[in-house]
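Note sheet for the following structure.
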Amino acid sequence: MNHFAYPAAIFLLIVPVILRYLLPAVKGLHGDALRVPFVQDLQKISVKSGGVWGTLNTAKGSGKGLFLLYLIYALLVAAAARPQWVGEPIRSRSQSRDILLVMDISNSMLQPDFTIGNRQSNRLNAVKKVAGEFIRKRYEDRMGLILFGTRAYLQAPITYDKRSIQEILWNMDAGMAGDSTAIGDAVGLALKTLKDTPNKDNKIVILLTDGENNDGSLSMPEAINLAKNENVKIYTIGVGSDTSLVQSFFGLRLNAPNQDLDEASLKKLAEETKGNYFRATDTASLEKIYNNIDKLEPTENDEQYIVETKELFYIPLIAALVLASVLAAISRRK
């Protein structure tokens, strides 16, 4: 869409008309000018020479000359009014959150106690599906990804590039970071990562694990104390079914695959950072948890927009300069 930034400047177009038809002719500061005998001869020479002013003084050329001069003036007025092209409004990201996903990929995440589409699946595949959908929906936020097992690794720093995070998520596999579970180190790495970001507020960690802290240099009490002093809200998710059917030599039997989950520490970590603890025993409950987090952390900038604007004043300005140059060249040639 095109418009003028200063539309009031268009009224300058009537100024020459006012000066030409409404104001009296100027006779000089001290009365009528002295008559000089040869001035009329100079005017005749100017007319015969065919210059611009000579053209304006002829009976036939005065109308065309004045029109061209007024056209140049009108183009300059149009440039002064600042014509602009305005694009479509684009929603801004000024209030976006920094969300860091911290995921356990130890071998216990291969436990097949979840289902996807009525088919049995392991925990890791269910997490990939649900977390990937959560990442897709948070299109206004910056996100990052930490994967941990025996060690914690920052796989994706805080970024708007959700596609890269989703690709890393889908390509991860259990055991890539080791067999044990270093939750404390993962929390410490998450706090350090968010501390280095320019966003002072709206920092969130979503920690997902199916075990207890049995490795690493930071214990859970130490990690909790560190988190208390940081302006970071931590949501914790304990993953795993309470019981499952397992095929054995003696047939199907009930198994308690999630007996190592340290729910007490996860609840304490969430409580000290003003977050929440959730328990995911199947894919449906995991989806519900991520939907609840999505509601607890709503986007705040739905009504904030930015508009792309391009200046076009140079078009009438260049046209005026070209037309003036052409007139001057014709005058000089004649």
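List of remarks:
- Only one of the numbered conditions (1) open to solvent by 80 Å² or more (accessible area, probe 1.4 Å); (2) at pLDDT 75 or above is not met by ARG93, and that is (2).
- Within segment 142-243, helices (runs of 4 or more DSSP H) holding 3 or more residues that are among the charged types (D, E, K, R) and free of Cβ contacts under 8 Å to residues at least 40 places away in the same chain: 162-171, 183-195
- Residue match in segment 120-142 (condition: closer than 25 Å to LEU269 by Cβ, open to solvent by 20 Å² or more (accessible area, probe 1.4 Å), at pLDDT 90 or above and of a type in the set (A, V, I, L, M, F, W, C)): no
Listed here are the residues, each with its yes/no results for (1) open to solvent by less than 20 Å² (accessible area, probe 1.4 Å); (2) within 19 Å of LEU261 (Cα to Cα); (3) hydroxyl-bearing (Ser, Thr, Tyr).
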| site | (1), (2), (3) |
| --- | --- |
| ALA156 | yes, no, no |
| TYR160 | no, no, yes |
| ALA177 | yes, yes, no |
| ALA186 | yes, yes, no |
| LYS203 | no, no, no |
| ASN214 | no, yes, no |
| LEU218 | no, yes, no |
| ALA227 | yes, no, no |
| THR236 | yes, yes, yes |
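- Restricting segment 241-276 to residues that are of a type in the set (A, V, I, L, M) and open to solvent by 30 Å² or more (accessible area, probe 1.4 Å), the residue that is modelled with the highest pLDDT is ALA264.
- Take the conditions (1) over 13 Å from THR283 (Cα atoms); (2) crowded, with 19+ Cβ neighbours inside 10 Å; THR150 misses just one of them, which is (2).
The values are calculated or read from the model by the stated rules, or taken from the named source; none is laboratory data. On a predicted model such as this, the values are computed, not experimentally measured, just so you know. Cβ sites come from the backbone with ideal geometry, for glycine too, and all protein chains shown count toward neighbours. For accessibility, only protein heavy atoms count, side chains too; no ligands or nucleic acids. Shrake-Rupley method; radii C 1.70, N 1.55, O 1.52, S 1.80 Å.
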